[in-house]
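Participant: Right, I'll just put the structure down here and ask away after.
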Amino acid sequence: MHRNPLTSALEPFDFEHLRSCVPELDQLQTHIDTYQFNPPIDSSDMTPALWTDLVHIISERYDDFDGFVILHGTDTMAYTASALSFMLQNLTKPVILTGSQLPIGQLRTDGKENLITSIEIAAARHPDGTAIVPEVCIYFSGHLMRGNRTTKQSAEEFNAFESFNYPHLADAGVHITYHEERIHRPDFSKPMTPHFRLDTNVIIFSLFPGVREDLIRHIIATPNLRSIVMRTFGSGNAPQSPWLINALKQGTSKGKVIVNVSQCMQGAVEMSRYDTGHQLIETGVVSGRNTTVEAAVTKLMYLQGKYDDNDTVRHLMTQSLCGEITM
């Protein structure tokens, strides 16, 4: 982003001026090519159709580059990183998303370091030529995080993102320290397989004290809705209201996939831990384990786009496809 001198509002940045704002790029020992959506897209306007466009852009140029850096607004970055992690199957090259909390033209911007280090990571390779980080990641404020494990935690601080349930893949200080035991290793002998179809018949709702029966029943009964991400209390607990249990049972009995995700930033859903969670097992609700909301909703979109059978979707939601949950 940059600041409009007339209105002082933040507006999408024109990448034609990238090198003038970040002359340090000329010091990197790597060739950099750029692609920009025209007009530029505010991240609040991100859509699944644009995720598909990104997958097309990457897959069409996959053999021409060692890695890819996506400059992205922070508001929906975790959703995009999660979606791409599923859509780029057997990814063998880095796809690093980064951005900034302050516009790149401002004096104290964090955008320069985030961009420069992201490019270094995207170009980093082992002596045998394979990528050091063949994953979709978010790099921000000195930390490289698995994209589908990351959530925006602050609108004010430079460390805007954190991976609460999975440790950092790399940390950048004077040197970039890669924690290779945490990095996913694909089958480098097989090609990357892009997926372009997403089914967006999914919704997220949060439980809270006083949640209304008529509204929840209306959501669950929505025509064409295939899945629900239900944000519950603590380790996956819900009110013991008979109407809620019955509504959830009716939804799952009609084939809807209901995934239980904790409202807590850190920790996992353990529905057998308390009675208030154990009752959900009997309704057919699926445990989201320690997934993020962003990963859960984009994984559902991906699986629904690939499979018409909701039983298959329900089963695969309990499996780790690309490191998004801890098994």
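Participant: Show that you can apply the helix-only estimate: for the chain, add -39,500 (n - 2.57) for every DSSP H stretch of four or more residues, divide by all residues, and state [θ] at 222 nm to the nearest 500.
Facilitator: Helix-only estimate at 222 nm: -8000 deg cm²/dmol.
Participant: With all protein chains present, how much of the accessible area of the stretch 179-254 (probe radius 1.4 Å) comes from carbon and sulfur, to the nearest whole percent?
Facilitator: Carbon and sulfur together cover 54 percent of it.
Participant: If you filter the stretch 254-321 for trypsin sites (Lys or Arg not before Pro), then keep DSSP loop positions with at most 16 other Cβ within 10 Å, what is left?
Facilitator: Here the sparse-neighbourhood loop sites are Lys254, Arg273.
Participant: Still on this structure, please answer the following. Quick one: of the DSSP bridges fully inside the chain, what percent are antiparallel, nearest 5?
Facilitator: 45 percent
Participant: Once you've got the GNM for the chain with C-alpha springs shorter than 10 Å, pick whichever of Glu294, Glu135, Glu156 has the biggest mean-square fluctuation.
Facilitator: Glu156
Participant: Okay, next question. Beyond 20 Å between alpha-carbons counts as too far, so tell me which of Lys152/Lys256; Lys152/Lys299; Lys249/Lys299; Lys152/Lys306 fall in that bin.
Facilitator: The answer is Lys152/Lys256; Lys249/Lys299; Lys152/Lys306.
Participant: Separation of the stretch 56-89 and the stretch 110-147 by C-alpha centroid, Å?
Facilitator: The distance from the Cα centre of the stretch 56-89 to that of the stretch 110-147 comes to 13 Å.
Participant: Restricting the count to DSSP beta bridges whose residues both fall in the stretch 129-268, what percent are antiparallel, rounded to a multiple of 5?
Facilitator: So the antiparallel bridges amount to about 50 percent of the total.
Participant: State, in angstrom, two size descriptors of the stretch 109-225 derived from its alpha carbons: Rg to one decimal place and Dmax to the nearest whole number.
Facilitator: Rg, Dmax (Cα atoms, Å): 19.6, 61.
Participant: Out of [x] 133; [y] 227; [z] 153, which label holds the value of volume of the Cα convex hull per residue in Å³ that was computed here?
Facilitator: [z]
Participant: Arrange the residues Arg146, Arg61 by how much accessible surface each exposes, largest first, with a 1.4 angstrom probe.
Facilitator: Most to least solvent-accessible, the answer reads Arg61, Arg146.
Participant: Further question: Given contacts defined as C-alpha pairs under 8 Å and at least six residues apart, what's the relative contact order of the chain, whole-number percent?
Facilitator: Relative contact order comes out at 14 percent.
Participant: Something else now. Per residue, how many Å² of accessible area does the chain show with a 1.4 Å probe?
Facilitator: 48 Å²
Participant: Between Met301, Met192, Met77, where does the largest GNM mean-square fluctuation fall for the chain, given springs only between Cα atoms within less than 10 Å?
Facilitator: Result: Met192 has the largest fluctuation of those listed.
Participant: With an 8 Å Cα cut-off and a minimum separation of 6 or more residues, compute the relative contact order for the stretch 114-236 in percent.
Facilitator: Relative contact order of the stretch 114-236: 16 percent.
The values are calculated or read from the model by the stated rules, or taken from the named source; none is laboratory data. Because the structure is predicted, anything quoted here is derived from the model rather than measured. Note that each Cβ is placed from the backbone with ideal geometry, even for glycine, and that neighbours are counted across all protein chains shown. Heavy atoms of the whole protein, side chains included, go into the accessibility calculation; ligands, DNA and RNA do not. Shrake-Rupley method; radii C 1.70, N 1.55, O 1.52, S 1.80 Å.
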